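To start, the structure itself, in structure tokens.
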Amino acid sequence: MSAAPSTTAIASAGSEILFEEGIIGIPRARRFHLLERPGSPLRLLQSLDIAGFALPVVDPRFAEPDYSPTLQSRVSEALSLGDGGCVLLAVVTLGDALPTANLRAPIVINVDRRVGAQVILDDRSLPLERPLAQRL
């Protein structure tokens, strides 16, 4: 399944998103809130299971305007993507240099079911660190 990132708003107070398998490398981080700051493309995926743990994320099109990866059928089935809107987010690395977005391991969220997963895509041409077009 080819997935185009959606601009559907999924952040709302008290709306939990469940990652049944956790986040890659952090399996016990399963429940999250998506926090937005008006006027900023940067969002925070705030863990409800690990105090103080949050991932900065961004719409991957901020880094790559034509981003539309092909998701494996097992991902589409596990998240029931045919049954609801799909949002893709890229994890951002912030540092002294220009921030980068990981386009090879996006976070995929079924907006209606409020379930998500971080997946590793088969497409090796997608970078792990794509510089963002501007500072966040």
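Is one or more of the residues making up the stretch 55-64 out of contact with any helix residue (DSSP H, G or I) (no Cβ under 9 Å at 6 or more places or on another chain), surrounded by fewer than 18 Cβ atoms within 10 Å (Cβ to Cβ), more than 17 Å from Ala105 (Cβ to Cβ) and not polar (S, T, N, Q)? Within the stretch 55-64 (the criterion being out of contact with any helix residue (DSSP H, G or I) (no Cβ under 9 Å at 6 or more places or on another chain), surrounded by fewer than 18 Cβ atoms within 10 Å (Cβ to Cβ), more than 17 Å from Ala105 (Cβ to Cβ) and not polar (S, T, N, Q)), the answer is no, since none of the residues qualifies. Across the stretch 39-63, the qualifying residues are those that are touching a Lys or Arg at 6+ places or on another chain (Cβ under 6 Å) and touching a residue at least 24 places away in the same chain (Cβ under 8 Å), and the one among them that is farthest from Ala117 (Cα to Cα) is Ala63. Criterion applied to Leu79, Leu18, Leu42, Leu48 was being touching a Leu at 6+ places or on another chain (Cβ under 7 Å) and either under 25 Å from Arg124 (Cβ atoms) or modelled with pLDDT of 90 or more (or both), and the one residue passing it is Leu42. Within the stretch 93-114, the only residue that satisfies the criterion of being within 10 Å of the chain's Cα centre (by Cα) and small (Gly, Ala, Ser) is Ala105. Looking across Ser76, Ser125, one residue alone is more than 27 Å from Ser15 (Cα to Cα) and out of contact with any strand residue (DSSP E or B) (no Cβ under 7 Å at 6 or more places or on another chain). It is Ser125.
For the stretch 48-107, the tally of residues that are in a loop (DSSP other than H, G, I, E, B) and either more than 19 Å from Glu21 (Cβ to Cβ) or hydroxyl-bearing (Ser, Thr, Tyr) (or both) stands at 17.
Residues in the stretch 108-123 that are in a loop (DSSP other than H, G, I, E, B) and among the β-branched types (Val, Ile, Thr): Val111, Val119, Ile120.
The values are calculated or read from the model by the stated rules, or taken from the named source; none is laboratory data. Since this is a predicted model, take the numbers as computed values, not measurements. Neighbour counts are summed over all protein chains in view; Cβ atoms, including those assigned to glycine, are modelled from backbone coordinates with ideal geometry.
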